[in-house]
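S.K.: Starting off with a structure, shown below.
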Amino acid sequence: MVECTFCKIISGKIQGDILYEDDKVVAFSDINPQAPVHVLIVPKKHIPTILDVKERDMDIVSHIYSIVNRIAEDKGLSSKGFRVVLNCKDDGGQAVYHLHFHLLGGRRMNWPAG
Ligand code: AMP
Ligand code: ZN
């Protein structure tokens, strides 16, 4: 099976601008940023979409939210706010089939999202 792009970043086969890493997750800068701060928070476990998240993965998901908060604080986003986005499959705009949360901030976000 061909390894996905984010698994390659996690294993170090391709380089990412890694901002945070622990045993469960890695966070790195998006290569095509849509805001002054655009960080991807990704589980090390290869989970293709949110539809594949099982009850046993909930510790990973809740941990991801704590890392989102930590990075938002570190990047100075907590006073003005930020957006967290998860895209699922084609209609949701998912391009990389390895679960990831976008942390976007540093500008005013539009609503509804495009
Ligand atoms: P999504 O459309 O939700 O699947 O988002 C995938 C995101 O991954 C996009 O914002 C891309 O810019 C980003 N991306 C793709 N390849 C890389 C890479 N090698 N390093 C960092 N970000 C990437
Ligand atoms: Zn993967």
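The values are calculated or read from the model by the stated rules, or taken from the named source; none is laboratory data. Just so it is clear, the model here is predicted, and its values are computed rather than measured. As a convention, Cβ positions derive from the backbone with ideal geometry for all residues, glycine included, and neighbour counts pool all protein chains shown. Only protein heavy atoms, including side chains, enter the accessible area calculation; ligands, DNA and RNA are left aside. Shrake-Rupley method; radii C 1.70, N 1.55, O 1.52, S 1.80 Å.
S.K.: Any idea which residue in the range 31-86 is farthest from Met1 (Cα to Cα), counting only those that are among the β-branched types (Val, Ile, Thr) and open to solvent by 60 Å² or more (accessible area, probe 1.4 Å)?
M.R.: Residues of the range 31-86 among the β-branched types (Val, Ile, Thr): 31, 37, 39, 41-42, 47, 49-50, 53, 60-61, 64, 67-68, 71, 84-85.
Still in the list and also open to solvent by 60 Å² or more (accessible area, probe 1.4 Å): 31, 50.
Values: Ile31: 24, Ile50: 21 Å.
Restricting to residues being among the β-branched types (Val, Ile, Thr) and open to solvent by 60 Å² or more (accessible area, probe 1.4 Å), the top hit is Ile31.
S.K.: Would you confirm whether any residue within the range 47-63 is of a type in the set (Lys, Arg) and either in contact with a Leu (Cβ under 9 Å, 6 or more places away or on another chain) or closer than 13 Å to His102 by Cα (or both)?
M.R.: Narrowing the range 47-63 to residues of a type in the set (Lys, Arg): 54, 56.
If we keep only those that are either in contact with a Leu (Cβ under 9 Å, 6 or more places away or on another chain) or closer than 13 Å to His102 by Cα (or both) too, we end up with none.
Within the range 47-63, none of the residues are of a type in the set (Lys, Arg) and either in contact with a Leu (Cβ under 9 Å, 6 or more places away or on another chain) or closer than 13 Å to His102 by Cα (or both).
S.K.: Residue check: is Lys45 touching a residue at least 24 places away in the same chain (Cβ under 8 Å) and either closer than 20 Å to Leu104 by Cα or more than 11 Å from ligand 1 (Cβ to nearest atom) (or both)? Before you say what the answer is, go through the steps one by one.
M.R.: Numbers: touching a residue at least 24 places away in the same chain (Cβ under 8 Å): no; either closer than 20 Å to Leu104 by Cα or more than 11 Å from ligand 1 (Cβ to nearest atom) (or both): yes.
Spelling it out, it is not the case that Lys45 is touching a residue at least 24 places away in the same chain (Cβ under 8 Å) and either closer than 20 Å to Leu104 by Cα or more than 11 Å from ligand 1 (Cβ to nearest atom) (or both).
S.K.: Looking at (1) within 14 Å of ligand 1 (Cβ to nearest atom); (2) buried (at least 17 other Cβ atoms within 10 Å of the Cβ), which is the one condition that is false for Val25?
M.R.: The one condition Val25 does not meet is (1).
S.K.: Related question: Restricting the search to the range 67-105, which residues are among the aromatic types (Phe, Trp, Tyr), outside any loop (DSSP other than H, G, I, E, B) and under 13 Å from the mean Cα position of the chain (by Cα)? Give the derivation first.
M.R.: Of the residues in the range 67-105, the ones among the aromatic types (Phe, Trp, Tyr) are 82, 97, 101.
So of that shortlist, the ones also outside any loop (DSSP other than H, G, I, E, B) come out as 82, 101.
Listed by number, the list holds a single entry, Phe101.
S.K.: Being more than 11 Å from ligand 1 (Cβ to nearest atom) and surrounded by 15 or more Cβ atoms within 10 Å (Cβ to Cβ) is the filter here, so list the residues in the range 11-20 that pass it. So that I can check it myself, show each step before the final result.
M.R.: The first filter runs over the range 11-20 and keeps only residues more than 11 Å from ligand 1 (Cβ to nearest atom), leaving 11-12, 19-20.
Of everything in the range 11-20, just one residue is more than 11 Å from ligand 1 (Cβ to nearest atom) and surrounded by 15 or more Cβ atoms within 10 Å (Cβ to Cβ), namely Leu19.
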